[in-house]
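One structure is given here, and the rest of the page talks about it.
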Amino acid sequence: MTGFYRQDATLVCDDVPLEPIAALHGTPLYVYSASTIAARYRAIDDAFAGYPHAIHYALKANSTLAITRLLRGLGSAADANSGGEIDVALRAGFIPAQIVFTGVGKTMAELGQAIDLGVRSINVESAGEIDRVDALSRERQVRTKIAIRINPDVDAKTHPHISTGLKTNKFGIVIADVPALCAHARTLAGIDIVGLHAHIGSQITDLNPLARAARALVDLARELAAAGTRIEHLDLGGGLGVSYDGSRVPSAREYADAVLPIVRDAGLAIVLEPGRQIVAPAGALLTRVVDVKEAGGSGDRLFAVMDAGMTELIRPMLYNAFHRIEPVVRTDAPLISCDVVGPLCESSDTLGRDRMLPRPRVGELYAVLDAGAYGSVMASNYNRRPLPAEVMIENGKAMLIRRRQTIDELLALEI
Ligand SMILES: Cc1ncc(COP(=O)(O)O)c(C=O)c1O
């Protein structure tokens, strides 16, 4: 389920050739397959069918409006991680009751925004945040629904930079502190505790940590119920990984099979916050070769310099992440090893090292695959590079869903 495949030698997205799209809109360019997003959303929904669940798509993975709207149309709700993401969710048509608000550093303004809207739940991260939500709610004479984000101290066995469930990580509240905190929160007039939340990391390909986090939530819910705090839902977070290199990873159904027997015990509705699982394989970054050169002229290392780099896709530089990089039109030329690098003034600006490719040619179009999640959302203007354009393929048509930023727009904020 990726939407990107070859017709003869040519890479297409849902039967639409990529070269004419790149010629029309320029590169670097993100291209997404709407049918893949839909299929991957439905795979999760189907896997949990028969158990009360709500999918709150994690906007942080990719919140381009057209993608957010597409997911809303499919029946998804939203997980927002900032005031900006709450705004995007509203503009995409979500109602506040479909939004959960997570985030380790919510400002007073962001909390006030979520309280005024009456979101489904604010997933609180600390004792201090509970008191702030309470104070802001009492000022407004409302009661705000919160879920307590626990830190289950579970090793997600993923890259340290995307691991969030260890007690050494900044996220959530240590389980041992939660019962006393709930007892305190129950005395507060501005708060209703409706849920428990855990999110232990991203790109998790071992189901055991996810099952252990679910178990921690269920056990805690039971302990709290015995002490008089009855909650309505368990939020299992996101985190299920995808295959970037073709290796086998657990499916949505295997994930459901791992966690449902555990949560069934509690009999509580569940919230899921998948991001990457839905959109990563549904997107590719198109980029052209701007130069081909040999290191020191010695011939022992070949660089393919592309027109996309860390400003468009920072995952390889930030997490050492692997993405498949392929010429859009495959040739029979012999394969040689080369480093696929970006145009930025950073040595770390490398999209892929030691890749076996037909000798790249200037002007040739390449695709960096599985780039739909944490790609365009993390793009930056470093080196004064405008944000890339984005295209969505839907029903055989290529639609521009975000045009390329202009230098004028980039400078418009400066005085
Ligand atoms: C609280 C929370 N929920 C959901 C997600 C989505 O994670 P993923 O894209 O790995 O599914 C994240 C991402 O880190 C997160 O921090």
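Details
- Here 363, 352, 309 are screened, and the one residue that is farther than 19 Å from residue 61 by Cα and part of a loop (DSSP other than H, G, I, E, B) is 363.
- Filter result (assigned to a loop (DSSP other than H, G, I, E, B), more than 16 Å from the ligand (Cβ to nearest atom) and either at pLDDT below 95 or open to solvent by less than 30 Å² (accessible area, probe 1.4 Å) (or both)) within the stretch 202-245: 227, 228, 229, 230, 231
- When residues in the stretch 128-148 are screened for being crowded, with 16+ Cβ neighbours inside 10 Å, free of Cβ contacts under 8 Å to residues at least 60 places away in the same chain and out of contact with any Cys (no Cβ under 8 Å at 6 or more places or on another chain), 11 of them pass.
- The residues of the stretch 87-137 that are among the polar types (S, T, N, Q), more than 20 Å from residue 61 (Cβ to Cβ) and not in a helix (DSSP H, G or I), listed by number, are 107, 126.
- Residues in the stretch 390-405 that are surrounded by 22 or more Cβ atoms within 10 Å (Cβ to Cβ) and within 19 Å of the chain's Cα centre (by Cα): 3 in all.
- Boolean, residue 269 is more than 14 Å from the ligand (Cβ to nearest atom), buried (at least 16 other Cβ atoms within 10 Å of the Cβ) and under 22 Å from the mean Cα position of the chain (by Cα): no
- For residue 141: the one exception among (1) under 21 Å from the mean Cα position of the chain (by Cα); (2) part of a loop (DSSP other than H, G, I, E, B); (3) more than 13 Å from the ligand (Cβ to nearest atom); (4) at pLDDT 95 or above: (1)
- Screening the stretch 97-127 for residues that are open to solvent by less than 30 Å² (accessible area, probe 1.4 Å) and more than 15 Å from the ligand (Cβ to nearest atom) and picking the one that is nearest to the chain's Cα centre (by Cα) gives 111.
- Every residue from the stretch 187-201 that is open to solvent by 10 Å² or more (accessible area, probe 1.4 Å) and either within 13 Å of the ligand (Cβ to nearest atom) or touching a residue at least 24 places away in the same chain (Cβ under 8 Å) (or both): 188, 189, 192, 193, 199
- Only a single criterion out of (1) more than 16 Å from the ligand (Cβ to nearest atom); (2) closer than 18 Å to residue 348 by Cα; (3) open to solvent by 10 Å² or more (accessible area, probe 1.4 Å) is not satisfied by residue 314, namely (1).
The values are calculated or read from the model by the stated rules, or taken from the named source; none is laboratory data. This is a predicted model, so every value here is computed, not measured. Using ideal geometry, Cβ is built from the backbone for each residue, glycine included, and neighbour counts are taken over all protein chains shown. In case anyone asks, the SASA skips ligands and DNA or RNA and just uses the protein heavy atoms, side chains included. Shrake-Rupley method; radii C 1.70, N 1.55, O 1.52, S 1.80 Å.
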